[in-house]
């Protein structure tokens, strides 16, 4: 959402960002235990959210991403729409209507209420989703649904010239929630290392699995180092199982690789299948055998890596650029404000 803000500034559209989870809160949110510290931040954030309602008269439009409050029914959205009569845009880019459980916060999982997604969709004047699978769900409750894929600033995320490397780096970047998908590639990684003695397999953001996947390099994810880390990759990976939750994924990791000119190998799940033309701008892999075969092809063929990386970059430029989608986003805001 924040990457659109410079475009809003250009159009003289005022805004205020009111996240429920602060940066300080987020740093401990998915750590195990820390219950009382989390409880403190939760109460603080809840108080701020109530205060937001007292200032809502200042705004013409309310944009809710995922949810205004993490637990229970959509009280805040109901108040915004029914009591304060505010135009509401609802945005989500995950299958949040599918029940998901956090192991780090197991004690409060029962407070989650995925059924509220349908109610918020129904309350909204406009719904923005990240792919066609999410659109199909949202259309059951609201006719005003538009797909705006998660775009990338291609001036920021772009191929960089770097010094010639003697070793190939196969990389993955992600969060705690998707790192578990790497476990299915344990044997593939081992086989690739056995066949390519100089190969580096670099996993960024997956340290919690360092005791389960051996022979690979682990690094913490840091925003300020993200582009440099990506630029170190020769091949990018995006493994995922095929289930109702992953079908809602909007392929951001894949698009990130492609924007940087990194040839990617990914699971043929959800939006990945819409973006990748297998063998042209990337590879699709289902079985461990396919994962090994296609990564190995790229390891051995530098010309194919360059060609596939170039085609991936062109795919992002033509269909997933921030410059392309920012005017669409602004048009949605303007039309929603005028809608009765």
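The values are calculated or read from the model by the stated rules, or taken from the named source; none is laboratory data. Just so it is clear, the structure is predicted and the values come from calculations on it, not from any experiment. Neighbour counts are summed over all protein chains in view; Cβ atoms, including those assigned to glycine, are modelled from backbone coordinates with ideal geometry.
Taking residue 118 as the residue in question, decide whether it is surrounded by 14 or more Cβ atoms within 10 Å (Cβ to Cβ), at pLDDT 95 or above, on the phi < 0 side of the Ramachandran plot and in the same structural domain as residue 137 (by TED's automatic domain parsing). Steps first, please.
Values: surrounded by 14 or more Cβ atoms within 10 Å (Cβ to Cβ): yes; at pLDDT 95 or above: yes; on the phi < 0 side of the Ramachandran plot: yes; in the same structural domain as residue 137 (by TED's automatic domain parsing): yes.
Against the criterion (surrounded by 14 or more Cβ atoms within 10 Å (Cβ to Cβ), at pLDDT 95 or above, on the phi < 0 side of the Ramachandran plot and in the same structural domain as residue 137 (by TED's automatic domain parsing)), residue 118 qualifies.
Tell me the helices (runs of 4 or more DSSP H) entirely within region 250-335 that contain at least 3 residues that are crowded, with 20+ Cβ neighbours inside 10 Å.
Here the list reads 252-259, 288-300, 302-319.
For region 193-216, state whether one or more residues are assigned to a helix (DSSP H, G or I), in the same structural domain as residue 310 (by TED's automatic domain parsing), touching a strand residue (DSSP E or B) at 6+ places or on another chain (Cβ under 9 Å) and farther than 16 Å from residue 299 by Cβ.
First, the residues of region 193-216 that are assigned to a helix (DSSP H, G or I): 193-195, 207-209.
Imposing the further condition that a residue be in the same structural domain as residue 310 (by TED's automatic domain parsing) reduces the set to 193-195, 207-209.
With touching a strand residue (DSSP E or B) at 6+ places or on another chain (Cβ under 9 Å) added as a condition, the list becomes 193, 207, 209.
From what's left, farther than 16 Å from residue 299 by Cβ: 207, 209.
Yes: region 193-216 contains one or more residues that are assigned to a helix (DSSP H, G or I), in the same structural domain as residue 310 (by TED's automatic domain parsing), touching a strand residue (DSSP E or B) at 6+ places or on another chain (Cβ under 9 Å) and farther than 16 Å from residue 299 by Cβ.
Just give me the residues in region 169-192 being in a loop (DSSP other than H, G, I, E, B) and either outside the structural domain of residue 246 (by TED's automatic domain parsing) or closer than 12 Å to residue 237 by Cα (or both), in sequence order.
174 - this is the single residue of region 169-192 that is in a loop (DSSP other than H, G, I, E, B) and either outside the structural domain of residue 246 (by TED's automatic domain parsing) or closer than 12 Å to residue 237 by Cα (or both).
So is residue 154 part of a loop (DSSP other than H, G, I, E, B), modelled with pLDDT of 95 or more and touching a helix residue (DSSP H, G or I) at 6+ places or on another chain (Cβ under 7 Å) or not? Can you show your working first?
Details: part of a loop (DSSP other than H, G, I, E, B): yes; modelled with pLDDT of 95 or more: yes; touching a helix residue (DSSP H, G or I) at 6+ places or on another chain (Cβ under 7 Å): yes.
Against the criterion (part of a loop (DSSP other than H, G, I, E, B), modelled with pLDDT of 95 or more and touching a helix residue (DSSP H, G or I) at 6+ places or on another chain (Cβ under 7 Å)), residue 154 qualifies.
Which members of region 217-243 meet the condition of being part of a loop (DSSP other than H, G, I, E, B) and touching a helix residue (DSSP H, G or I) at 6+ places or on another chain (Cβ under 9 Å)? Write out each step before concluding.
The first filter runs over region 217-243 and keeps only residues part of a loop (DSSP other than H, G, I, E, B), leaving 220-222, 232-234, 239-243.
Result: 220, 221, 222, 233, 234, 239, 240, 241.
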